[in-house]
Amino acid sequence: MNQQASTETRDTSAEPGAEQLGLFLYEMMLIRRFEEKSGEMYTRGKIHGFLHLYTGQEACAVGAINALEDRDKIVTHYRDHGHALARGLDPNRVMAELFGTMNGVSGGRGGSMHLYDVSKGFLGGYAIVAAHLPLAVGLGLAANMKKDGSVAMCIFGDGSVGEGEFHEALNLAVLWKTPVVFFCENNLYGMGVAFAQSLSTQIARLAEAYNMPAVTVNGMDVLDVHRATKKAVEHCRSGNGPYFIEAMTYRYRGHSMSDPELYRLKAEIEEYRKRDAIDHLKAYMQERGWLDEQRLHEISERVEHTVEEAVRFAENDPQPPISSLFNHITREPANG
Ligand SMILES: Cc1ncc(C[n+]2csc(CCOP(=O)(O)OP(=O)(O)O)c2C)c(N)n1
Ligand SMILES: [Mg+2]
């Protein structure tokens, strides 16, 4: 396993330049603001049900998803807002889905955990831990059978490793040589148990046990994530089978909105906030003269406008009618 991805000898001319990093910064700031706003809307009673915020993990979504092409597919877990936004789903319709209204990306029927947009190859957030890993293997198998050159990205949390599907999916993906990038967001906690108290080894080493190339990256550094994911995607697209990335990251907020967070110290959160991925990227760009006050101001304004517009859209979007309650539950018989 290569834990030194950031210090590998590499061709720096292929690194993202000023323009691409400006886009990464915009997306990361958009996700951060969108999540803050979602939290606010939840406490105001506009969003019901479960809400898992992605704050702190932005570099993972942006670095990984920007390594994909349009023809590629994504399946992810329930902490999915950041992934949807990084994939270019309409923020208005994502917010509407959180509000449960008609023009939400899933018609208001899925909510926060089940964002979906087939036109973007975004095949869903999944609420059941690890249930989507076998689906990714199926997507990879389909890509091989259709020979369409697509790659499936499967994003999941560290909690998945305790599930049988994790092991079944990794094993089959290798045996069937499916083009799947397994992207694990190791934020150090499941719901309330520290990862260190539940697994005796590193997650990437489990992938190695299944004969899958695996790398551990700094999930608080968008460049590190992007670099590793590009390599992984290339590996998969070239017919070499799956690839595993473990991104070490941290969530700043509780597991969901009703988490008293008794399992960690506030000082630990503060410590990770000092390594904030957005601050890190800003500093990187400033050092190179790629980000001045004016540009940062423009990006912030655009973020603010997009999020305000998303809330306005969702607030004015109607609830699905009661008559649609049973739609999409059973299929209409073919002959009426
Ligand atoms: C099969 C299954 N068991 C339990 C749960 C309840 N549950 C929801 S989230 C979660 C923790 C998952 O943690 P992790 O995969 O690390 O993701 P994170 O929330 O840290 O992003 C659990 C146990 C579930 N949704 N599915
Ligand atoms: Mg976790």
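The values are calculated or read from the model by the stated rules, or taken from the named source; none is laboratory data. Bear in mind that the values here come from a model prediction, so they are computed numbers and not experimental data. Glycine gets a Cβ as well: all are built from the backbone with ideal geometry, and neighbour counts include every protein chain shown. We work out accessible area using only protein heavy atoms, side chains counted, and drop any ligands, DNA or RNA first. Shrake-Rupley method; radii C 1.70, N 1.55, O 1.52, S 1.80 Å.
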Tell me, in nm to one decimal, what length is gained between Glu19 and Ile322 on full extension, where the rule is 0.36 nm per residue of separation less the Cα-Cα distance? 104.4 nm
Starting from the Cα of Lys230, draw a straight line to each of the lysines and keep only those under 29 Å, dropping any in the same chain fewer than 8 residues away. Lys73, Lys120, Lys146, Lys147, Lys177, Lys274, Lys282
Once fully extended, how much extra length lies between Thr43 and Gln286, figured as 0.36 nm per residue of separation less the alpha-carbon to alpha-carbon distance? 83.9 nm
Using a Debye calculation, one point per C-alpha and no hydration shell, please list log10 I(q)/I(0) for the chain at q = 0.06, 0.07, 0.11 Å⁻¹ in order. -0.20, -0.28, -0.71
Let me have the relative contact order for the chain, percent, based on Cα pairs under 8 Å that are six or more residues apart. 24 percent
Taking amide H atoms as placed 1.01 Å from N in the peptide plane, list the residues 5 or more away in sequence, or in a different chain, whose amide H sits under 5 Å from that of Lys73. Val151, Ala152, Met153
Take every Cα-Cα pair in region 83-234 and report what % of them are more than 21 Å apart. 50 percent
Taking Cα pairs under 8 Å and at least six residues apart, what relative contact order does region 144-302 come out at, in percent? 25 percent
Carbon and sulfur atoms account, in whole percent of the 1.4 Å probe accessible area of region 178-336, for 52 percent
Show log10 I(q)/I(0) for region 35-153 at q = 0.12, 0.14, 0.16 Å⁻¹, two decimals, from a solvent-free Debye sum over equal Cα scatterers. -0.42, -0.56, -0.73
Rounded, prolate or oblate (a/c below 1.5 giving rounded, otherwise prolate when a/b exceeds b/c) for region 208-336 by Cα gyration tensor: oblate
Just to compare against my own numbers: the Cα pair-distance distribution for region 293-336, 10 Å bins, whole % per bin, please. 21, 23, 20, 17, 13, 5, 1
Region 103-182: proportion of alpha-carbon pairs further apart than 21 angstrom, %: 32 percent
Could you tell me which helices of the chain pass both thresholds, a Cα extent of 30 Å or more along their own axis and a mean Kyte-Doolittle hydropathy of at least -1.0, with helices taken as whole DSSP H runs? 18-43
Per residue value of the accessible surface for region 187-336 (all protein chains in place, 1.4 Å probe), Å²: 59 Å²
What Kirkwood Rh does region 202-254 have if only Cα atoms enter the pairwise 1/r average? Answer in Å. 11.8 Å
Theoretical FRET efficiency, 1/(1+(r/R0)^6), r = Cβ-Cβ of Glu304 and Ser198, R0 41 Å, to 0.05: 0.55
Which one, Leu68, Ala131, Met113, is farthest towards the positive end of the dipole of the chain when Lys and Arg carry +1 and Asp and Glu -1 on their Cβ? Ala131
May I ask you to order 270-277, 111-118 by the average number of other C-beta atoms within 10 Å around their residues, highest value first? 111-118, 270-277
